[in-house]
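The values are calculated or read from the model by the stated rules, or taken from the named source; none is laboratory data. Please read all numbers here as calculations on a predicted model, not as lab measurements. Heads up, the Cβs are rebuilt from the backbone with ideal geometry, glycines too, and the neighbour counts pull from every protein chain shown.
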Amino acid sequence: MRSVVVIGAGMAGTATTFRLASAGASVTVVDRDEPGNGTTSKSFAWVNANQKTPRDYFDLNFAGMKEHDRLEDEFGTAPWLHRTGNLDWTGDAVRYDKLCRRVERLQSWGYNAQWLTAQEVNQELEPNIVFSGPTMRIAWFPDESWLDGPEFVRSLLDRAIQLGATVRTGQEVVAVEPAEDGVTVRLRDGQELKADAVVNCAGPGADRIAGMVGRTLPLDPTNGLLMRVEVEPGTLSRIIHGSDVNIRPDGDGHVLIHHESIDPLIRDRTDVPVDDENCRELCRRAKRMLPSVTGKRIVETRVGIRPYPADHVSSIGGVSGIPGYYEVVTHSAVTLGPLLGRLITEEILEDKIDPITQPFRADRFR
Ligand SMILES: Cc1cc2nc3c(=O)[nH]c(=O)nc-3n(C[C@H](O)[C@H](O)[C@H](O)COP(=O)(O)OP(=O)(O)OC[C@H]3O[C@@H](n4cnc5c(N)ncnc54)[C@H](O)[C@@H]3O)c2cc1C
């Protein structure tokens, strides 16, 4: 049996821990916080391959979506996964042209992308959305979902613990020392963990962990603002992407609101109060599209940090010259976590490298 320490218990680390434990490894996951409290609980959490290019990155994300089905089959149920589908539209001519091209490209790549009219959407799917006219064309992606990150983390860690995994929370990793005969992971309180391998799943903290093994993992983190609003139950059932705001359900009687055009305005702030001008702007945009949001209470804001490697795709796998050290660091880990957790497990335990990871090998960063 091989022993592995996983650093970080978000989407990436939890999925990795679960898969390693399922495969019979002796696994310990360490997190300086509570599991899931990193970016994983501050994400729009849309499971998709919709806007992923180039083709090889699309393929990775599409496989990521399918891995969620596999996980659900294995568990028999996936209460963390909300298979709602996603609606996308715009009133702007240039953006509409881009949307048409995207739908065409996705269809040609075997992705489920369809067109509906606004009238069909209002009559059959979402009665509360206001469109500019009944004949407006709305792109519909039925196979996309949103995911409850904290629920995913709880469920997979519970199962991993049943399989023998150890979860150590509130323990910061301060040193990682790889050697030919195994890796030593040192914690802030002085404890040391010895294992055959270590997996860096530290999200936005992954560059610091990489630095501990003498490696540079360049990250380009960006902050994103999410706003949780209390609404009447039944206000919205699906993920929606309008021209200037994105909204999805977030549990009974709540929606989560986000738009990437607001994110640069908060810069590196990690705490944005509910009465901040950026929240008011998101509310104004949401109300135009979904008037039922008018006057509703903002329950909380969340700021997440996207753990983008510098070239904005994933960093996966072992690194030459650093024995026993592996990385699973990526944006879109909500989509990719279960897939990458399985692939890194196969790499560590069976020396098997799936060709789908080839363009995204951690080894490209030196
Ligand atoms: C606004 C926003 C919207 C997003 N939307 C989507 C989306 O729609 N779809 C999608 O797929 N993805 C989306 N993402 C990205 C996705 O949320 C992230 O890729 C994912 O949550 C990262 O998971 P992770 O496990 O890698 O990192 P995290 O969840 O951050 O977990 C890393 C863990 O490592 C721990 N850690 C760090 N350093 C140490 C240390 N030294 N010692 C011990 N523990 C440590 C942290 O405490 C943390 O718990 C979005 C992100 C943001 C911010």
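In this structure, does D268 turn out to be of a type in the set (D, E) and either in contact with a Leu (Cβ under 7 Å, 6 or more places away or on another chain) or farther than 22 Å from P204 by Cβ (or both)?
Numbers: of a type in the set (D, E): yes; either in contact with a Leu (Cβ under 7 Å, 6 or more places away or on another chain) or farther than 22 Å from P204 by Cβ (or both): no.
No; evaluated as a whole, the condition is false for this residue.
Which numbered condition trips up T84, out of (1) over 25 Å from the mean Cα position of the chain (by Cα); (2) within 21 Å of I257 (Cβ to Cβ)?
Looking at each condition in turn, T84 falls short on (1).
Among the listed residues T335, T345, which satisfies the condition of being in a helix (DSSP H, G or I) and in contact with a strand residue (DSSP E or B) (Cβ under 6 Å, 6 or more places away or on another chain)? Break it down into steps so the answer makes sense when it comes.
Working: T345 fails: in contact with a strand residue (DSSP E or B) (Cβ under 6 Å, 6 or more places away or on another chain).
Just one listed residue meets the conditions, T335.
Is one or more of the residues making up segment 224-241 near the ligand (Cβ under 10 Å from one of its atoms), farther than 30 Å from I257 by Cβ and part of a strand (DSSP E or B)? If you could, list the steps in order and put the result at the bottom.
Our first condition is that a residue be near the ligand (Cβ under 10 Å from one of its atoms); within segment 224-241, this holds for 224-226, 239.
Of the ones still in play, those that are also farther than 30 Å from I257 by Cβ are none.
Checked against the condition, which is being near the ligand (Cβ under 10 Å from one of its atoms), farther than 30 Å from I257 by Cβ and part of a strand (DSSP E or B), segment 224-241 yields no hits at all.
Is one or more of the residues making up segment 255-264 over 19 Å from K296 (Cα atoms), more than 10 Å from the ligand (Cβ to nearest atom) and surrounded by fewer than 18 Cβ atoms within 10 Å (Cβ to Cβ)?
Taking every residue of segment 255-264 in turn, at least one turns out to be over 19 Å from K296 (Cα atoms), more than 10 Å from the ligand (Cβ to nearest atom) and surrounded by fewer than 18 Cβ atoms within 10 Å (Cβ to Cβ).
So which of F44, F131, F141 is of a type in the set (F, W, Y) and within 15 Å of L336 (Cα to Cα)?
After ruling out the rest, the residue left standing is F44.
Checking I247 against (1) outside any strand (DSSP E or B); (2) within 13 Å of the ligand (Cβ to nearest atom); (3) touching a residue at least 40 places away in the same chain (Cβ under 8 Å): exactly one of these is not met. Which one?
(1)
Note down all Cβ pairs under 7 Å where the first residue falls in segment 303-329 and is under 27 Å from L265 (Cα atoms) and touching a residue at least 60 places away in the same chain (Cβ under 8 Å), the second is more than 10 Å from the ligand (Cβ to nearest atom) and basic (K, R), and they're at least six residues apart or on different chains.
V303/R269
Would you mention how many residues in segment 332-366 are aliphatic (A, V, I, L, M) and within 14 Å of the ligand (Cβ to nearest atom)? Can you show your working first?
Our first condition is that a residue be aliphatic (A, V, I, L, M); within segment 332-366, this holds for 333-334, 336, 339-340, 343-344, 348-349, 353, 356, 362.
When the remaining residues are screened for being within 14 Å of the ligand (Cβ to nearest atom), the result is 333-334, 336, 339-340, 344, 362.
Number satisfying all stated conditions: 7.
Among the residues of segment 291-319, write down those that are over 25 Å from P273 (Cα atoms) and acidic (D, E).
D311
Kindly indicate which of V229, V176, V153 is touching a Ser or Thr at 6+ places or on another chain (Cβ under 6 Å), crowded, with 22+ Cβ neighbours inside 10 Å and among the β-branched types (V, I, T).
V153
Quick one: F141 ticks every box in (1) at pLDDT 95 or above; (2) away from the ligand (no atom under 11 Å from the Cβ); (3) under 29 Å from P323 (Cβ atoms) except a single one, so which number is it?
Only one criterion in (1) at pLDDT 95 or above; (2) away from the ligand (no atom under 11 Å from the Cβ); (3) under 29 Å from P323 (Cβ atoms) is unmet by F141, namely (3).
Identify, please: which residue in segment 183-205 is touching a Ser or Thr at 6+ places or on another chain (Cβ under 8 Å) and surrounded by 15 or more Cβ atoms within 10 Å (Cβ to Cβ) and is, among those, farthest from L20 (Cα to Cα)? Steps first, answer last, please.
Just the residues of segment 183-205 that are touching a Ser or Thr at 6+ places or on another chain (Cβ under 8 Å), to begin with: 192-197, 199, 201, 203-204.
Applying the additional criterion that residues be surrounded by 15 or more Cβ atoms within 10 Å (Cβ to Cβ) yields 193, 195-197, 199, 201, 203-204.
Working: L193: 17, A195: 13, D196: 13, A197: 11, V199: 11, C201: 14, G203: 19, P204: 22 Å.
In this case the residue turns out to be P204.
The conditions are (1) within 30 Å of V245 (Cα to Cα); (2) away from the ligand (no atom under 13 Å from the Cβ), and S155 fails exactly one of them. Which is it?
(1)
Looking at R159, is it of a type in the set (K, R) and under 21 Å from H68 (Cα atoms)? Give the derivation first.
Values: of a type in the set (K, R): yes; under 21 Å from H68 (Cα atoms): yes.
Yes, satisfied.
Which condition breaks for A210 when tested against (1) in a strand (DSSP E or B); (2) buried (at least 22 other Cβ atoms within 10 Å of the Cβ)?
The one condition A210 does not meet is (1).
Need pairs with beta-carbon distance below 6 Å; first residue surrounded by 15 or more Cβ atoms within 10 Å (Cβ to Cβ) and within segment 278-302, second modelled with pLDDT under 95; sequence gap 6+ or separate chains.
Note: pairs meeting the criteria are A286/V293; K287/V293; K287/T294.
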